[in-house]
C-alpha cells in the first residue's frame, strides 16, 4: 500500500523540506517504519521508547484520529492520506519534536 | 447567511461579551476585529509590557508604546477604532485563582496566550465554567485553531490529556513566528466569536484547523471528544482549577 503522509513543519528537516512523502505499509506503524527507512531520525520524534505515538503528536488517516481507530495498527489503504499533527504550545512545537531550522 | 441582513444576529453581536486573554500576536488582531465588528463588551487580559520584539506581529502596539503596559496600549487603540464599545481591562496575569471571576461576565473566550500551562488553564476553566472557547497556537510558519463548546465538542484535553512538562522539551528554543501568521489565526478566532454570538454559520468544532504558511495550505482533521478526556470524559479527574496543576514554566518565546 502506498499512502501520502503529510509532514508537519518541525519534521520537514528530515524530509529535505518536503511537505508530504510517499510511504508504504499496510498499517500506520508500517508507514512510520517506511518513512524512517527513507528519512532516518523521524521515528523517534513520533514515537516514544515503548514504540507508542508520543502524547503530543496526533496522527490522522483520512482526517480520522488513529487513537479512535486502532492506533499504530490502524489499517492504511492505497491512496489514503495520513497527517501528522503536533501540539503547539507557547510558541513552540511540543516535546519530542523540538523546533526546526527554517527551511 | 449574511450578518448584515440578519438583524437578530447583529443585535446579539452588539450585546455580546467577548474576553480576549492576551493582547499579543493572536489577541491583537482578534480584539481589533471584534471591536470593528461591534461586539458590545470586550474584555482584555494581559500583564505584560510592550517590547520592541513584539511589534512585528502584535499589531495593536506601536513603537511609542514600548515599555507601556500592553493593556493600556491595546485599550487606547481599540477606543479610537470604536468609541462605543465597552472595554474592560484586566492588567493582571490569568491564573487559577482569578479565572472564574474574570470569565464569569463573558459569553465567549478567546485564548490568545503563549504559554502551554496557560492554554490548558484556559481550556479547563472554559469547560468547567461552560464558556465557549476559541483555542489557537502559532509557531514559525504553522498555526492551529479549534473551537470548544464545553461538554459538547472536542476540547484541548481530548486531544492532549496532559500538558507537557518542561523537562520533556530540553531542546525547546526561541523559534520565532511569521508576523502575518498571528494575524491569520487571530482573525479566525474573532470570526468564531462573531459567528457564535450571531448564530451564523458553522463553528470550528470537532475540526482541528491547521495552517501551513510555507505551503500556503489550510487543512483540517476531524477530532472527537475523547471518552478518556480527564475534563469531559469518564472518569472526570479534573473537577476544579488547582494552581499547582498550572505551575509549569514557560517553555518558549512569547507568541
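All of the numbers you see were taken from the coordinates with simple rules; none came from a lab. Everything numeric here is computed off the predicted structure, so don't read it as measured data. Here the Cβ is made from the backbone with ideal geometry for all residues, glycine too, and neighbour counts use every protein chain on show.
Placing a label point 7 Å from the Cα of residue A:18 along the Cα-to-Cβ direction, the residues of region A:31-48 whose backbone N falls under 13 Å from that point are A:34-40.
Once the Cα-Cα distance is subtracted from the 0.36 nm per residue extended length, the residue B:7 to residue B:244 segment shows a gain of 80.7 nm. The shape of region B:11-130 can be summarised by an equivalent ellipsoid whose semi-axes, obtained from the alpha carbon gyration tensor, come to 21, 19, 11 Å from longest to shortest. Placing pseudo-labels 7 Å out from each Cα toward the beta carbon at residue B:222 and residue B:82 gives an inter-label distance of 3.5 nm.
Among beta bridges identified by DSSP and lying wholly in chain B, the antiparallel ones come to about 50 percent. Its convex hull of Cα atoms gives chain A a direction-averaged projected area, equal to a quarter of the hull surface, of 5.9 nm². Summarising the label geometry, the points placed 7 Å from Cα in the beta-carbon direction at residue B:68 and residue B:95 lie 2.7 nm from one another.
Here region B:40-61 and region B:184-250 have alpha carbon centers that stand 22 Å from each other. Multiplying the residue separation of residue B:14 and residue B:202 by 0.36 nm and subtracting their alpha-carbon distance yields 65.7 nm.
With each run of n ≥ 4 DSSP H residues scored as -39500 (n - 2.57), what mean residue ellipticity at 222 nm is computed for chain A after dividing by its residue count and rounding to the nearest 500 deg cm²/dmol?
Estimated from H runs of four or more residues: -4000 deg cm²/dmol.
When every Cα-Cα distance of the protein assembly as shown is counted in 20 angstrom steps from zero, the calculated P(r) takes the values 31, 57, 12, 0 percent. If both residues of a DSSP beta bridge must be in the protein assembly as shown, then about 65% of such bridges are antiparallel.
Seen against the Cα atoms of chain A and their longest principal axis, helix A:28-38 is set at about 60 degrees. With the alpha-carbon atoms of region B:7-246 aligned to their principal axes, the span from lowest to highest coordinate is 48, 48, 40 Å, starting with the largest.
Which FRET efficiency value, to the nearest 0.05, is calculated for residue B:237 and residue B:49 with the Förster distance at 45 angstrom and r the Cβ-Cβ distance? Working from the Cβ atoms, E equals 0.75.
The reciprocal of the average 1/r between distinct C-alpha atoms defines the Kirkwood hydrodynamic radius, which for region B:44-97 equals 11.7 Å. For the segment B:222-232, counting C-beta atoms of other chains within 10 Å of every residue's C-beta and taking the mean gives 2.
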